[in-house]
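A.B. asks: Here it is, the structure, as structure tokens.
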Amino acid sequence: MTDHDTAIRLSEVARARSRPPEVDPAEPQEEAGERPPETTAKPQETGVGGYRRRVLLVLSAIALALALYWASGYVVAYTDDAYVTSDFVDVAPYISGRIASVNVVDNQTVEKGELLATIDATPFQLALNEKQAKKTEAEAQLAVDRDVIAAAQAQRDDAAAKEQLASDNVRRATPITTAGFYSRQGLDTLTAKEQEAKAALADSEAAIAKAQQTLALHQATVAAISAEIAYLQWQLEQTKLLAPTDGTITQLILRVGDQAVENKPLIGLVDAHAWRIYANYKESVIRHMKVGHTAWVWLDSHPWRFHRATIQGIARGISREQTERKLLPYVAPTTDWIRLERRFPVTLVLQDLSPDIMLHMGSDARTIIFY
């Protein structure tokens, strides 16, 4: 094939490509000036309406949820800010001394009056024996003082009799001396004897008073010694540390040989009869609560079960700042960057608790109260 033939064929192909496509006579022809229907406008309008309906449904659902949440505060109150607690007893000795024995182990359950530990009683027993010996000596001295008083009273009685006789003699001699039947010298002698008898009587009465004062002093000494003996006997009894209530020993670190210090806790005891639930409720719901209302408690230590409880008390005040003062409870807010409702402790007491459920001080709980 020559270059000329090739050029002819290429020109034919170009003309064929530039020719308009043939119209099938079976297909309907569009009239001049007739525009095709707009098929895209309706789907666009349908999409905008559906979007608006979805937005309205979402907003309605949110508004309904908020309304239900607000209304639920007048029917039910729920909180997961709750925990189990009891009374924690610090067992402290009244005396100081060396620990002689420890009679319990950690986490042991004890009953009221059970022996927990003992303090060396030797120093207190020796001091008690010494005071008892002094008391015996003082009581012996009291007997001597009573004998002295008895002797002084006998002397006073004799002096009183002599003084009475001397006075009678003077009284009888005075008229007869005036009548001249008795000498003046004799009367003077009788008068002098009367004065001596009165002086002897006064001396004997002073001796009695002195002996009584000595007796009173020695009686006071005996009373003081008796008080000291009673205190030493009490101290001797306090060498035994007894459980003040039923409970469980917690975190026992006491060992034989440790030094017990007066009024310093040695043993911790969780009271077995003071279990309760502290539930912190928002201030907007506590106005509906009353003492005696029924509550339901979920214990995290024993899940999947609700326990009936009653409201024992509702706090009338809280501390807004965390200070060292413990007379008002402090309930910490969950966040610091927004203003939250304050929470007030509500005390719940479990009712009809099953014996197989063991409570743990500080464990979490959840509570729900229906008004």
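A.B. asks: Could you compute the net charge surrounding Leu59? Neighbours are other residues with a C-beta less than 13 Å from the C-beta of Leu59; K and R count +1, D and E count -1. Mind showing how you got there, number by number?
C.D. replies: On the way: positive: Arg52, Arg53, Arg54; negative: none.
Net local charge, Leu59 excluded: +3.
A.B. asks: Can you give the accessible area of Arg320, probe radius 1.4 Å, in Å² rounded to 10?
C.D. replies: 150 Å²
A.B. asks: Cα-based Rg (one decimal) and Dmax (whole number) for region 101-242, in Å?
C.D. replies: That works out to 31.4, 110 Å for Rg and Dmax.
A.B. asks: On the protein heavy atoms, probe 1.4 angstrom, tell me the percent of accessible surface of region 214-371 carried by carbon and sulfur.
C.D. replies: 53 percent
A.B. asks: In Å², what does the accessible area per residue of region 135-177 work out to with a 1.4 Å probe?
C.D. replies: Per residue, region 135-177 has 62 Å² of solvent-accessible surface.
A.B. asks: With a Förster radius of 25 Å, plug the Cβ-Cβ distance of Val261 and Val105 into 1/(1 + (r/R0)^6) and report the FRET value to the nearest 0.05.
C.D. replies: 0.65
A.B. asks: How much length, in nm to one decimal, is gained on full extension between Asp120 and Ala67, taken as 0.36 nm per residue of separation minus their Cα-Cα distance?
C.D. replies: Result for the pair: 12.1 nm of gain on full extension.
A.B. asks: Sort Leu165, Leu201 by accessible area with a 1.4 Å probe, largest first.
C.D. replies: From most exposed to least exposed: Leu165, Leu201.
A.B. asks: To one decimal place, what orientation-averaged projected area in nm² is obtained for the convex hull of the Cα set of region 212-371?
C.D. replies: Answer in nm², one decimal: 17.6.
A.B. asks: Evaluate E = 1/(1 + (r/R0)^6) for Ala274 and Ala332, where r is the Cβ-Cβ distance and R0 equals 25 Å; express this FRET efficiency to the nearest 0.05.
C.D. replies: Using R0 = 25 Å, I get an efficiency of 0.55.
A.B. asks: Relative contact order, percent, of region 137-269 when contacts are C-alpha pairs under 8 Å separated by at least 6 residues?
C.D. replies: This gives 30 percent for region 137-269.
A.B. asks: How much net charge surrounds Thr310 when only the other residues with a Cβ under 15 Å from the Cβ of Thr310 are counted, with Lys and Arg +1 and Asp and Glu -1?
C.D. replies: +2
A.B. asks: Right, something else. Need one value: the accessible area of Lys112 in square angstrom, 1.4 angstrom probe, rounded to the nearest 10.
C.D. replies: Looks like 150 Å² after rounding.
A.B. asks: Mind checking which lysines have their Cα closer than 28 Å to the Cα of Lys282? Skip sequence neighbours fewer than 8 apart in that chain.
C.D. replies: Of all the lysines, those that pass the test against Lys282 - Cα under 28 Å, at least 8 places apart if same chain - are Lys290, Lys326.
A.B. asks: Here's something else I'd like to know. Could you tell me which residue out of Val170, Ala202, Gln185 lies farthest along the dipole of region 162-281 toward its positive end? Charges go on the beta carbon: Lys and Arg +1, Asp and Glu -1, centred on the Cα centre.
C.D. replies: Gln185
A.B. asks: With r as the distance between the Cβ atoms of Ala150 and Ala199 and R0 = 30 Å, compute the FRET efficiency 1/(1 + (r/R0)^6) and round to 0.05.
C.D. replies: 0.85
The values are calculated or read from the model by the stated rules, or taken from the named source; none is laboratory data. Just so it is clear, the structure is predicted and the values come from calculations on it, not from any experiment. Heads up, the Cβs are rebuilt from the backbone with ideal geometry, glycines too, and the neighbour counts pull from every protein chain shown. Areas reflect the complete protein model, heavy atoms only, side chains present, ligands, DNA and RNA absent. Shrake-Rupley method; radii C 1.70, N 1.55, O 1.52, S 1.80 Å.
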